[in-house]
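Step one of this worksheet: look at the structure below.
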Amino acid sequence: MSGEAIPPELLTDVLRRARARGATEADGFLIEEQHFSASVRLGQVDTVKHSREQRLSLRVFAGKASAAASTSDLSRASLERVVDEATLAALTLGGPAPAAMGRAVERSRETLERDRGWLDTTCQALGAARDLLRERSAAL
């Protein structure tokens with residue numbers, strides 16, 4: 001989402017997702033910052049800097065327990081993962097109703113399974129790269 005303005009409904013959607021996952025309450029905030037600076041040296045522009053940052057912070061409650069999470073990756077997958085992880089943590093600490101806990105655990109399992117597939121593929125690629133490097137260094 002970098003380079004684009006943050007849609008106003010993004011935070012509302014995140015809070016709605018937390019409630020749907022079993023949180024009793026949730027709050028959060030979005031930050032969008034831009035910085036620009038320029039320096040002149042001996043009458044010439046010496047340095048120009050520009051930066052932009054977007055991030056979301058989330059706090060989730062389950063009864064009296066709470067959990068917090070934040071991310072600068074505002075992609076849909078990242079936001080879903082942040083909400084699911086924060087909600088699961090709050091539900092675990094707060095002793096939720098069994099049905100709410102079961103839904104949160106199942107969603108976390110789905111996320112872990114998806115991430116495990118990516119991790120397995122990455123490990124295989126790294127192993128192949130290592131083997132190739134060993135072959136080439138042995139040839140030297």
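The values are calculated or read from the model by the stated rules, or taken from the named source; none is laboratory data. Since this is a predicted model, take the numbers as computed values, not measurements. Using ideal geometry, Cβ is built from the backbone for each residue, glycine included, and neighbour counts are taken over all protein chains shown.
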Q. Somewhere in segment 35-47, is a residue in contact with a strand residue (DSSP E or B) (Cβ under 7 Å, 6 or more places away or on another chain) and either outside any strand (DSSP E or B) or among the basic types (Lys, Arg) (or both)?
A. no
Q: Kindly list, by first and then second residue, each pair from a residue in segment 1-30 that is over 16 Å from Gly63 (Cα atoms) to a residue that is among the hydroxyl-bearing types (Ser, Thr, Tyr) and assigned to a strand (DSSP E or B), limited to pairs with Cβ atoms under 6 Å and residues at least 6 apart or on different chains.
A: Gly28/Ser57; Phe29/Ser57
(Q) For segment 79-109, give me each residue that is in a helix (DSSP H, G or I) and modelled with pLDDT under 70. (A) Pro98, Ala99, Ala100, Met101, Gly102, Arg103, Ala104, Val105, Glu106, Arg107, Ser108, Arg109
